[in-house]
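Here's the structure we're looking at; comments come further down.
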Amino acid sequence: MTTVPEADTTAGSAADVAADPVREPARQRTFAWEDPSAIAAAGAGRSGAEMLAAWQTGTLPPPPIMRTLDFDGATFGEGSAAFRLTPREFHYNPLGTVHGGVLATLLDSACGCAVHSLLPAGVFYTSLDLTLKFLRPVTIQTGQITAEAGVTHLGRRTALAEGRLTDAAGRLYATAISSCLVMHPA
């Protein structure tokens, strides 16, 4: 027996949408990304610094999360990383500010890549935890924000990085501390 799903009536008719300013037609966004398994395979024989440099120069495409959240770009150094993002409406939560998860992803990316920049080929990492402190809301009016992170400890099994999220004027919006597990080949 085949069942036909019921029509979605939650969107309302065109007349309902026109009569209710809160229910205006939905906005849309389209983006594309490259195959993440191909990116990982292309980076397999490279050190963390080599892989990050290849992302920065465009030799390797960035990871899909950068396209998903519309990061503006990234820069990398020895034991450091920075990611930029210009807040957009699609980053918002129901309260009219950028969702904390977007800010967490930006800081997690900076902290993780700062650790990655110090790892030799064949050595990988994964985040163990991420502690955030949100200090003020981020909105479209904030303008471009930057998450900068640096490694404060790199051991054989664990690494620690600290990050800061600031605007163009240097105002602090959030801080992060990330612990990473360093994984060596068997």
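The values are calculated or read from the model by the stated rules, or taken from the named source; none is laboratory data. Everything quoted here is computed from the prediction, not taken from an experiment. In this analysis, Cβ positions are derived from the backbone assuming ideal geometry, glycine residues included, and neighbour counts consider all displayed protein chains.
Key figures
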{"quantity": "Selection from region 99-143 of residues that are charged (D, E, K, R) and farther than 17 Å from residue 70 by Cβ", "calculated": "129, 133, 136"}
{"quantity": "Of the criteria (1) within 30 Å of residue 185 (Cβ to Cβ); (2) at pLDDT below 95; (3) outside any helix (DSSP H, G or I); (4) touching a strand residue (DSSP E or B) at 6+ places or on another chain (Cβ under 8 Å), which one residue 60 fails", "calculated": "(4)"}
{"quantity": "Positions within region 142-186 being touching a Cys at 6+ places or on another chain (Cβ under 8 Å), of a type in the set (S, T, N, Q) and without any contact (Cβ under 8 Å) to a residue 60 or more places away in the chain, in sequence order", "calculated": "158"}
{"quantity": "Residue among 46, 67, 84, 23 that is modelled with pLDDT under 90, surrounded by 11 or more Cβ atoms within 10 Å (Cβ to Cβ) and either touching a helix residue (DSSP H, G or I) at 6+ places or on another chain (Cβ under 6 Å) or under 30 Å from residue 152 (Cα atoms) (or both)", "calculated": "23"}
{"quantity": "Single unsatisfied condition, residue 77 versus (1) under 20 Å from residue 174 (Cα atoms); (2) in contact (Cβ under 8 Å) with a residue 12 or more places away in the chain", "calculated": "(1)"}
{"quantity": "Number of positions in region 153-164 that are more than 18 Å from the chain's Cα centre (by Cα) and within 23 Å of residue 100 (Cβ to Cβ)", "calculated": "1"}
{"quantity": "Count of residues meeting criterion [more than 13 Å from residue 161 (Cβ to Cβ) and in contact with a helix residue (DSSP H, G or I) (Cβ under 7 Å, 6 or more places away or on another chain)] in region 90-114", "calculated": "5"}
{"quantity": "Qualifying strands (runs of 3 or more DSSP E) (wholly inside region 91-186; at least 3 residues being surrounded by 19 or more Cβ atoms within 10 Å (Cβ to Cβ))", "calculated": "145-154, 158-167, 172-183"}
